[in-house]
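One structure is given below, encoded as structure tokens.
The values are calculated or read from the model by the stated rules, or taken from the named source; none is laboratory data. Computed from a predicted model, the values in this text were never measured in an experiment. Cβ: placed from backbone, ideal geometry, glycine included. Neighbour counts: every protein chain shown. Note: areas computed on protein heavy atoms with side chains; ligands, DNA, RNA excluded. Shrake-Rupley method; radii C 1.70, N 1.55, O 1.52, S 1.80 Å.
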Amino acid sequence: MKRARLIPLVEEAWEAYECAGTRVRSSMPILFFGDLDAYFKSSFRVVTVGKNPSREEFPKGSSWKRFPKCEGVTAADSARYLKGLCSYFHVDPYNKWFRFYDTVLCGAGAGYYPGERSTALHTDIASPVATDPTWKDLNESKQKALLGKGVPLWHKLLKRLKPQMVLLSIKWKHLERIEFPAWNDWRTIHEFKRKKNGEQRKHPYEVKVRWHKIMGNPSLFVFGQAAEIPFGTLSNQLKRRVGEIAREAFDKGPES
């Protein structure tokens, strides 16, 4: 039943894909990454956010290695499509990217992979379409076209997922696209002033939070600057600490 609620969004994802003139060949839209059933059974629902899927999700010469159940899938086969998305972290995920977010998730008591106490999902705020060339090499008009379908779709998806925490390590400008009612302003809850080697950072790394309302329920949005990869300038130890700090902020609630 949980999957059935997403079928209208699957259709929208495919519409965005069909309209994208710069999509990766031999690919499909990716509405989300992760085990949807395990996510909804989790006591702590966490969603991570990127910009749009990497073209590495569909490697040249082996396009469907990460989604073997989806080869040849079309918009009409929503059940097989969703099954393929749900099995992503059980097959051959793009760990070179996702492991950075997963380290933060671990600190918060969640994770993408099987066996976690709480299963997280990954979503993309700008578009469900993997592009070639990559996003930064697309001209402004093509980016706007993708955003025009991708941003509303992401909001509809989160309304159905109802996450309790949302982790974002993307460019700050994308946070301006968030339309959920804000409970309060962004505030810094922690600063990392030193690097892994103990050297003083030129600019402290700030962890910021803001509570939003999703379908009337409080959801803690946690932001940390990206550097090509999520939380990229932090060591694994500090990434885990970000997760711990985020969970502490969540446990205090929106009125803290």
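Annotations
- In the range 204-223, residue farthest from TRP154 (Cα to Cα) [restricted to those that are open to solvent by 50 Å² or more (accessible area, probe 1.4 Å) and in a strand (DSSP E or B)]: PRO204
- Under the condition of being within 17 Å of ALA227 (Cα to Cα), without any contact (Cβ under 8 Å) to a residue 40 or more places away in the chain and open to solvent by less than 60 Å² (accessible area, probe 1.4 Å), the residues counted in the range 169-203 number 1.
- The set of residues from the range 104-147 being of a type in the set (Phe, Trp, Tyr) and open to solvent by 10 Å² or more (accessible area, probe 1.4 Å) comprises TYR113, TRP135.
- Qualifying residue in the range 40-62 (condition: farther than 17 Å from VAL129 by Cα, open to solvent by less than 30 Å² (accessible area, probe 1.4 Å), part of a loop (DSSP other than H, G, I, E, B) and hydroxyl-bearing (Ser, Thr, Tyr)): yes
- The set of residues in the range 63-73 being in contact (Cβ under 8 Å) with a residue 12 or more places away in the chain and either in a loop (DSSP other than H, G, I, E, B) or exposed (fewer than 14 other Cβ atoms within 10 Å of the Cβ) (or both) consists of SER63, TRP64, LYS65, ARG66, PHE67, PRO68, VAL73.
- Residue list for the range 27-39, filter: under 16 Å from the mean Cα position of the chain (by Cα) and in a loop (DSSP other than H, G, I, E, B): PRO29, ILE30, LEU31, PHE32, GLY34, ASP35
- Pairs, first under 24 Å from TRP183 (Cβ atoms) in the range 228-256, second buried (at least 18 other Cβ atoms within 10 Å of the Cβ) and of a type in the set (Asp, Glu), C-beta under 7 Å, six or more apart: none
- As a summary of the residue check, VAL207 satisfies the conditions (1) touching a helix residue (DSSP H, G or I) at 6+ places or on another chain (Cβ under 8 Å); (2) without any contact (Cβ under 8 Å) to a residue 12 or more places away in the chain except for the one numbered (2).
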